Amino acid sequence: MSEINYRIRKVVVLGSGVMGSQIAAHCINAGLEVTLLDLKSDDPNKPNKIVEESIQKILKMKPAPFALPEFSHRIKTGNFEDDFESLAEADWICEVIIERMDIKKDMMSRIDEIRSKHTVVSSNTSGLPISEICEDCSADFRKHFMGTHFFNPPRYMKLLELIPTSDTDEKLVSYMKGFCEKMLGKGVVRCKDTPNFIANRVGVFSMASILPYFFNGDFRAEHIDELTGTLTGYSKAATFRTGDMVGLDVLDHVASNLYPAIPEDEKREVFQLPDKLREMIRTGKTGNKNGQGFYKKVQTKEGREFQIIDPETLEYGSQEKLDSEVVQEAKKIRNSKRRLKFLSFHDSDIGKFTWEIQRDLLLYAANRVPEITELPESIDRAMKWGFNWELGPFERWDALGINDVVARIKEEGREVPELITKMLHNGFKSFYDADKVYDPTVSEMVKRSANAEGEIKITDLRSARSPVLENDSAALHDIGDGVALFEFKTKNATLGFELVQSLEQSLGTVEKYFKALVISHDGENFAYGADLAEAVQAVQTGNFDQVVAAVTNFQRTAIKLRYSSFPVISAPFGRALGGGTEFSLYSDRIVAHHELYMGLVEIGVGLIPAGGGTTEMLRRYLSKVKGDADPLTYIKEAFKVLGMGQVSDSAAKAREMGYLKESDIIVMNRDLLIQVAKEEALAMIEAGYQPPAKEEVQVYGVKSLSALKVMTYILHNSKFVGEYGRILGDRIASVMSGGELSEPQQVPEDYLFKLEREAILECFKDERTHKMIGHMLKTGKPLMI
């Protein structure tokens, strides 16, 4: 008989603390069956009180662990005494109990007695030795055991460190990697069973090495954050905001546990955190969870502000702007790698600081190979996925120039890491080169491994062949098997005149040479909607005909998306706003990333959805009317979504709001989005795709118009919208009602498109719209007028 294939459907999570309950929530988001167990309560009437209260706590968290709050009801609750037998039916048991070796080992012994053969067991420890946790268990248990280190918050942090032991079945390791990538949406990095694995080992070192610059009085905390944020390729949270988010007590706990475990580490003393930090922890200044850490939100006469702690007094005061010509010059450099090099080699106090923290990080990371992993690429991925850095340590080596770094550290009398010495000896001067990365195990450049197995990346497409069509705004790629991919290339994926024209042209090209079209790209967000600056400039320069042409072209393109002879699949992710939502609505199918922030937000910039969005949302909500139900109830719901510019906070929420249909697909892993969209396109072709028939839309004229105008009146009186917002709401109401028709009737889609077009052009003529757009472009926030 052949070996049994692993399959995971039923998950039992042991431990309902902050991490355990959130891991359970994320497994629910992925559609798995989840049981969450913890200690039995002392309350005889509520034996599962601990778990139940944990679930209630995470329901209050922001950002939300559940895709929808009601998903919490899908978790089956229990306790270690009454419900431990449920482990016998589990496919995966994920242990997330207290970080104490003796307690974990005792739990593993209990699991070993009840688990079924082939049940996967993992421990979500952040640093305890994985092999020691399972050392007293049976051979079959050890074969099916590994570490699975999630990062907090599990729904949003991409990294999952997978830590097998020498006994773990390699087939299982391969399966779990694929499962966690595809089902949980994780970026999986395989780690050696070393203290704190990869991300926390390097990340905590990086933070700990920066702390003395603050506590010794060299730089203010907010200045260090400006210098160690996106300016130099770290995360937006930088150093001290990251500390506050993680919890300074957690940071100290990790560092304290790490110190005795790494006696041979050349930088071991760095993990002895400053006494003043421990004083902060003793006085409750532990970060965001206590409302104060390095930063504290306070109410002043001028309003709320984030004050900063003084390293001597540990009192809070107002932040001070970093007034530096060096920084201002650096900000002019758009490329983060060149910006980092500029600052690191600048002859100034800021240059000296930047060099020193980069030097220490680069040397530390290089000296950890092969101790914590054989591959530099794994360290880079761990830091980018687990700490949200833009540049990993070895990408920083490349940015600064390996030869330049080596020359400077030699000048300082420091030892060059063996990894670097061998690399240079073998004739390699960078870790990355196009689609290749240096592999020290073979001393060669090898093809970079995929972020997730099966991914399609536009960078790979470009290295294989030139685009079919391309300009500054967009490109059309051949992704094989008769499927084309339309890529947005504009800054922030805004939908300008050229991009929309390119999409319309591409539809003609696909009609002739391909079988299907996917719309997506590799950017951070799918689309921010229309290029508002371009539109306002056209109006203000007297070129209103260009605006009319742009609106007309957008509508015509949306119609072509729906009624072309081939399937069109939109694959949105991140923010998909305004016109990006409308292109998706008019596609045959949406394949959406789980983290989807979709909405028709035009009212926030003084406009209305006029690329078919108002028409389509009316159609979708009316399709829900059953039997004798009052259609006005559903029209009002659709109007509320548009009139308040509501945005989903997950793909599941987008489906609930009507942006996604039941037939649309939600993908957990962003890296697999284009591949799944391609597979869906091919499946539709195989099924004999035919475009939908054109159908008229039911409207209710003055009956619905009067009802919707009452809603705009209430929204205005309740201060949800300003006076102009009320006018905009009335314009949306007019479109959704079919205008002032005296009787309910069915109208052609083109009729509603005409109403949309007339309404948005009226908006563009209004100075209040120009003011709202200008405010949004300047501040990134809507203006209520």
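Observations, loosely collected:
- The share of accessible area on the stretch 164-223 that comes from carbon and sulfur is 51 percent, using a 1.4 angstrom probe.
- Candidate values (1) 30.6, 99; (2) 28.3, 88; (3) 39.8, 129 were compared with Rg and Dmax of the Cα atoms in Å computed on the shown model; the agreeing label is (2).
- For the chain: accessible area per residue (Å², 1.4 Å): 44
- Ranking 778, 105 by solvent-accessible area of protein heavy atoms (1.4 Å probe, all protein chains present), from largest to smallest, gives 778, 105.
- For the chain: relative contact order, % (alpha-carbon pairs under 8 angstrom, 6 or more apart): 8
- Accessible-area value, residue 425, 1.4 Å probe, nucleic acids and ligands omitted, Å²: 150
- Among 377-383, 547-553, the order from most to least packed when residues are scored by Cβ within 10 Å on average: 377-383, 547-553
- Over the stretch 501-591, relative contact order from alpha-carbon pairs under 8 Å, at least 6 apart, %: 40
- The accessible area of residue 718, taken with all protein chains in place and a 1.4 Å probe, comes to roughly 60 Å².
- Largest to smallest accessible area among 323, 106, 671, 460 [probe 1.4 Å]: 323, 106, 460, 671
- GluC sites (Glu not before Pro) restricted to DSSP loop in the stretch 108-182 with at most 15 other C-beta within 10 Å: 135
- Looking at the chain, the DSSP beta bridges with both ends there are about 40 percent antiparallel.
- Cross-link pairs beyond the 20 Å C-alpha cut-off, checked among 512/754; 457/491; 352/436; 236/337; 512/560: 512/754; 352/436
- In this structure residue 766 has an accessible area near 30 Å², from a 1.4 Å probe over the protein heavy atoms.
- The apolar share of the surface of the stretch 238-322, taken as the fraction of accessible area on carbon and sulfur atoms (1.4 Å probe, ligands and nucleic acids excluded), comes to 48 percent.
- Taken about its Cα centre, the chain carries a charge dipole of about 1360 debye when Lys and Arg each add +1 at the Cβ and Asp and Glu each add -1 at the Cβ.
- Trypsin sites (Lys or Arg not before Pro) within the stretch 708-760, DSSP loop, no more than 15 other Cβ atoms inside 10 Å: 719
- Exceedance of the 30 Å cut-off in Cα-Cα distance is limited, within the set 192/267; 341/781; 105/384; 182/422, to 341/781; 105/384; 182/422.
- Considering only the Cα atoms of the stretch 123-162, their convex hull presents on average a projected area of 2.9 nm².
- Of the accessible area of the stretch 706-784, computed with a 1.4 Å probe over protein heavy atoms only, carbon and sulfur atoms account for 56 percent.
- Under 14 Å from residue 765, Cα to Cα: aspartates and glutamates that are on another chain or at least 8 residues apart: 545
- If you sort 723, 756, 85 by accessible surface, 1.4 Å probe, largest first, the order is 85, 723, 756.
The values are calculated or read from the model by the stated rules, or taken from the named source; none is laboratory data. Just so we're clear, the structure is a prediction, and the values are computed from it rather than from any experiment. Methodologically, a virtual Cβ is constructed for each residue, glycine included, from the backbone with ideal geometry; neighbour enumeration extends over all protein chains shown. Accessible surface areas use protein heavy atoms only, side chains included; no ligands, DNA or RNA. Shrake-Rupley method; radii C 1.70, N 1.55, O 1.52, S 1.80 Å.
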